[in-house]
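Colleague: Can you read through this structure? Questions will come right after.
The values are calculated or read from the model by the stated rules, or taken from the named source; none is laboratory data. Predicted, not measured: the structure shown is a model, and the values here were computed from it. When we count neighbours, we look across all protein chains shown, and the Cβ atoms used for this are built from the backbone with ideal geometry, even at glycine. For accessibility, only protein heavy atoms count, side chains too; no ligands or nucleic acids. Shrake-Rupley method; radii C 1.70, N 1.55, O 1.52, S 1.80 Å.
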Amino acid sequence: MSNIVAIQNIADYIGQEVTIQGWLYAKTGKGKIQFLQVRDGTGIMQAVLFKPNLPPEIFEAGKRLTQESAVVVRGVVKENGRAPGVPGGFEIDTADLQVVQLSQEYPITPKEHGVEFLLENRHLWIRSRKQWALLRIRATVMRACREWLDTHGYVEMSTPILTPAAGEGTSTLFEVDYFGDTVYLAQTGQLYNEANIYSFGKVYCFGPTFRAEKSKTRRHLTEFWMIEPETAYQDLDGLMEMEEQFVSHVVQRVLQERRPELEVLERDIRMLENVTPPFPRVSYDEAFERITKIREESDDPELKELLKLEWGDDFGSPHETELTKLYDRPIFVYGFPTVCKAFYMEPWPNRPEVCKSVDMLAPEGYGEITGGSERISDPDLLLKRIHEDNLPEEAFTWYMDLRKYGSVPHSGFGLGIERTVAWIAGTHHVREANPFPRTLGRVYP
RNA sequence: UCCUCGGUAGCUCAAUUGGCAGAGCGAGCGGCUGUUAACCGCUUGGUUGUUGGUUCGAGUCCAACCCGAGGAGCCA
């Protein structure tokens, strides 16, 4: 058996005999020549079977291969511009072919399919080129997130998924029976992060998070992954500086390491190359004025209706989309009205109707990818806000403790992985940015 | 929860005014030395989402329900 190599490194083996262990992605051929596209998890490459050069039984076996059959191919690597693949341009002149398993009739053909069918077959759909490319990018995004934080003094702290009460008292939570009591699946680790900073200074949590909202849009999942950094002694300005460094690093890392995958997805990377600090900072007041102006100047009655807005309203998806169209990179919108944000956000100095909150909006209509704020550090103010929002004071006893023992200004944010991946990869729907997405209408497979 | 659209062969879709349920792809067989979703010939393929109703006759009309998709609200 010759050297077993990964297709992603195939350029290093030109002229050498190698072995590829994989699966048949596609096949075509003529009478005396067969072209097999073989994928091995790291890429796709063509194996050529030429009848006069092979024992008859090997050529016949190649001809009879079905889509997704498991195969081991041995042969010499050749450079050939006609050869398709990821990365393309290389093929194996096959000397030997071993059929590990002959696949049964595979439901996902190279032709078009509907969304429902593909989601029903998600366990197989992830093998398809675009899904594979997208999920490879997801893995790189997740690693790049950790990479930036780990090299900037952040300590990863796991926060609980089973929680006793609402994190923010707003969104709908999934209930779980806990030995007769009701507990809830976490929708954020933030409050625990705020405890962790007093031990570690800079922390982050990274894991799944759950929202039982009945949202049916291409931007929503009921289970999604979120990374949440929290930093002691950091105000709102410091938070924005950190966020733009962090997100820029993630995007640039994907550009460095996942070019072939971005090509598979036909992503226009010019918009990604723009993603460098600083990001434009737009106050809520300014954004409000701009959106109002766009609405007034629009001739489209439908858009006019969607863009209806009064001061104090949170922005909806249509507002975000119109606003981000004005910029060529992600933007910060900061200083939202206190009424539309969570209780723990620090009020703006001398303007209590506004809080020190900030959302990052991705360009090209992908919407909100991070939400964050400077947190209230004063115990009296925090208690007042808990009362104003009619939250149960006793549930926040431990959280109030954090304001008694060495309380400092601090801030943090949460970044939604699927939305970020969908934006970077240029994918229409967030569900494709998760290997096995959970949506309002689907928990299978 | 509300609004809109959809459900016919394994898949993607068609079916005129209510009148024999079809095509392409896939799969099977044969042919072809450079394919890129190859091509050519033959073969194979049906509980029309469910239940009830109208009718001589329903994929088509009516009612209820089920499932899915897109959007709104809410949110990352």
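Colleague: Take the solvent-accessible surface of the protein heavy atoms, probe 1.4 Å, and return the percent of it on the range A:106-253 that carbon and sulfur atoms account for.
Modeller: Of the solvent-accessible surface of the range A:106-253, carbon and sulfur hold 52 percent.
Colleague: Rounded if a/c is under 1.5, else prolate if a/b beats b/c, else oblate: with a ≥ b ≥ c from the C-alpha gyration tensor eigenvalues square-rooted, which is the range A:84-152?
Modeller: Working: a/c = 2.47, a/b = 1.38, b/c = 1.79.
Taking the square roots of the gyration eigenvalues as a ≥ b ≥ c, the range A:84-152 is oblate.
Colleague: Of the peptides A:249-257, A:406-414, how do they stack up when ordered by the mean number of other Cβ atoms within 10 Å, highest first?
Modeller: Per-residue Cβ counts within 10 Å, averaged per peptide and sorted highest first, yield A:406-414, A:249-257.
Colleague: Let me know the shape class of the range A:1-101, please: from the alpha-carbon gyration tensor, a ≥ b ≥ c as square roots of the eigenvalues, rounded when a/c is under 1.5, otherwise prolate if a/b is greater than b/c, or oblate.
Modeller: rounded
Colleague: A further question follows. When the accessible area of the range A:1-87 is computed with all protein chains present and a 1.4 Å probe, what percentage of it is carbon and sulfur?
Modeller: 51
Colleague: Which cross-chain or sequence-distant (5 or more) residues have an amide H under 5 Å from the amide H of A:THR159, H modelled 1.01 Å from N in plane?
Modeller: Correct list: A:PHE206.
Colleague: Pick from A:MET360, A:MET400, A:MET226 the residue whose mean-square fluctuation is largest in a GNM of chain A, springs joining Cα atoms under 10 Å.
Modeller: In this elastic network of chain A, the residue with the biggest mean-square fluctuation among A:MET360, A:MET400, A:MET226 is A:MET400.
Colleague: Still on this structure: Once amide H atoms are placed 1.01 Å from N in the peptide plane, what residues at a sequence separation of 5 or more from A:TRP348, or on another chain, have their amide H within under 5 Å of its amide H?
Modeller: A:VAL354, A:CYS355, A:LYS356
Colleague: Between A:ALA70 and A:ASP313, 0.36 nm times their residue separation minus their Cα-Cα distance comes to what?
Modeller: Difference between extended and current length: 81.9 nm.
Colleague: Where the Cα atoms of the range A:92-226 are projected onto their three principal axes, how long is each span, largest first, in whole Å?
Modeller: On the principal axes, the range A:92-226 reaches 63, 38, 31 Å in Cα extent.
Colleague: Related question: Explain nothing, just compute: Karplus ³J(HN,Hα) = 6.51 cos²θ - 1.76 cosθ + 1.60, θ = phi - 60°, for every residue of the range A:36-41 in order, whole Hz, x for Gly and Pro.
Modeller: 3J(HN,Hα) across the range A:36-41, in whole Hz: 9, 9, 10, 10, 10, x.
Colleague: Indicate the gyration tensor shape class of the range A:176-263 (rounded, prolate or oblate), computed on the Cα atoms with a ≥ b ≥ c the square roots of the eigenvalues: a/c under 1.5 is rounded; otherwise a/b larger than b/c is prolate and the rest oblate. Write out the running numbers ahead of the final one.
Modeller: On the way: a/c = 2.40, a/b = 1.21, b/c = 1.98.
Cα axes put the range A:176-263 in the oblate bin.
Colleague: Still on this structure: On the accessible surface of the range A:316-445, probed at 1.4 Å, how many percent belong to carbon and sulfur atoms?
Modeller: Summing carbon and sulfur atoms, their accessible area is 53 percent of the total for the range A:316-445.
Colleague: Could I ask something else about it? Report the chymotrypsin sites (Phe, Trp or Tyr not before Pro) located in the range A:286-320 that are in a DSSP loop and have at most 14 other Cβ atoms inside 10 Å of their Cβ, or state none. Write out the running numbers ahead of the final one.
Modeller: Values: sites: A:PHE288, A:TRP311, A:PHE315; in loops: A:TRP311, A:PHE315.
Hits after loop and neighbour filter: A:TRP311.
Colleague: Per residue, how much accessible area does chain A show when a 1.4 Å probe rolls over the protein heavy atoms, in square angstrom?
Modeller: Values: 21020 Å² over 445 residues.
Value returned for chain A: 47 Å² of accessible area per residue.
Colleague: While we're on this one: Considering only A:VAL73, A:GLN8, A:ASN53, whose Cα is most displaced toward the positive end of the charge dipole of the range A:7-101, charges sitting on Cβ of Lys, Arg (+1) and Asp, Glu (-1)?
Modeller: A:ASN53
Colleague: Something else: Starting from the Kirkwood radius over alpha-carbon pairs of chain A, derive D by Stokes-Einstein at 20 °C in a medium of 1.002 mPa s and give it in µm² s⁻¹.
Modeller: Values: Rh = 24.6 Å.
Rounded, D is 87 µm²/s.
Colleague: Under a point-charge model restricted to the Cβ atoms of Lys and Arg (+1) and Asp and Glu (-1), what is the dipole moment magnitude of chain A relative to its Cα centre, in debye to the nearest 20?
Modeller: Charge dipole, chain A, about its Cα centre: 2120 debye, nearest 20.
Colleague: Out of A:ILE197, A:ILE386, A:ILE424, any idea which swings most in a Gaussian network model of chain A, alpha carbons joined below 10 Å?
Modeller: A:ILE386
Colleague: Using Cα pairs under 8 angstrom and six or more residues apart, how large is the relative contact order of the range A:184-255, in percent?
Modeller: The normalised contact order for the range A:184-255 reaches 30 percent.
Colleague: Each residue of the range A:17-29 in turn: what ³J(HN,Hα) in whole Hz from Karplus with 6.51, -1.76, 1.60 and θ = phi - 60°, glycine and Pro shown as x?
Modeller: Values, residue by residue: 8, 9, 10, 10, 9, x, 9, 6, 8, 7, 8, 8, x Hz.
Colleague: What FRET efficiency comes out for A:VAL176 versus A:LEU124 if R0 is 30 angstrom and r is the Cβ-Cβ distance? Round to the nearest 0.05.
Modeller: 0.50
Colleague: Each residue of the range A:84-93 in turn: what ³J(HN,Hα) in whole Hz from Karplus with 6.51, -1.76, 1.60 and θ = phi - 60°, glycine and Pro shown as x?
Modeller: Residue by residue, the range A:84-93 yields x, x, 10, x, x, x, 10, 9, 9, 7 Hz.
Colleague: Related question: Please identify, among A:VAL100, A:VAL282, A:VAL354, the residue showing maximal mean-square fluctuation in a Gaussian network model of chain A using a 10 angstrom Cα cutoff.
Modeller: Highest fluctuation of the listed residues: A:VAL100.
Colleague: For A:LEU102 and A:SER298, compute 0.36 nm times the residue count separating them, minus their Cα-Cα distance, and round to one decimal in nm. Intermediate values should be presented prior to the final figure.
Modeller: Numbers: separation 196, 0.36 × 196 = 70.56 nm, distance 5.90 nm.
Roughly 64.7 nm would be gained on extension.
Colleague: To make sure I understand the rule: partners must be lysines, Cα under 23 Å from the Cα of A:LYS404, and not fewer than 8 residues away in the same chain. Which ones qualify?
Modeller: Hits, sequence-local ones excluded: A:LYS202, A:LYS356, A:LYS384.
Colleague: Right, another one. For A:GLY367, list long-range residues whose amide hydrogen, built 1.01 Å from N in the peptide plane, is under 5 Å from its own amide hydrogen.
Modeller: A:ALA362
Colleague: Work out the length of the dipole vector of the range A:7-101 about its Cα centre, built from +1 on the beta-carbon of each Lys and Arg and -1 on the beta-carbon of each Asp and Glu, and round it to the nearest 20 debye.
Modeller: Values: 10 positive and 10 negative charges, 83 e Å.
Taking the Cα centre of the range A:7-101 as origin, the dipole is about 400 debye.
Colleague: At R0 = 30 Å, how high is the FRET efficiency between A:ASP389 and A:ARG290 if r is their beta carbon distance? Nearest 0.05 is fine.
Modeller: The pair A:ASP389/A:ARG290 has a calculated efficiency of 0.55.
Colleague: Going through the range A:404-445, which trypsin sites (Lys or Arg not before Pro) have at most 10 other Cβ atoms within 10 Å and a DSSP loop state?
Modeller: For trypsin sites (Lys or Arg not before Pro) across the range A:404-445 that sit outside H, G, I, E and B with at most 10 neighbouring Cβ atoms in 10 Å, the list reads A:LYS404.
Colleague: Let me ask something else. Which loop-located GluC sites (Glu not before Pro) does the range A:68-110 contain, where loop means any DSSP state but H, G, I, E or B and the Cβ has at most 15 other Cβ atoms within 10 Å?
Modeller: A:GLU105
Colleague: Please report, in Å, the Rg and the Dmax of the range A:291-399, where both are computed over Cα atoms only.
Modeller: When restricted to Cα atoms, the range A:291-399 yields Rg and Dmax of 16.6, 53 Å.
Colleague: I would also like to ask the following. Please compute the contact order of chain A in relative form: average sequence separation of alpha-carbon pairs under 8 Å and at least six residues apart, divided by the residue count, as a percent.
Modeller: 13
Colleague: What is the extension gain from A:ARG442 to A:SER199, computed as 0.36 nm multiplied by their sequence separation minus the C-alpha to C-alpha distance, in nm to one decimal?
Modeller: Computed gain between A:ARG442 and A:SER199 is 83.5 nm.
Colleague: Here's another thing I want to ask about it. Along Cα→Cβ, 7 Å out, is where each label goes; now give me the distance between the ones at A:ASP328 and A:LYS63 in nm to one decimal.
Modeller: 5.7
Colleague: Let me ask something else. Which FRET efficiency, nearest 0.05, do A:GLU116 and A:ALA139 yield, Cβ-Cβ r, R0 25 Å?
Modeller: Using R0 = 25 Å, I get an efficiency of 0.40.
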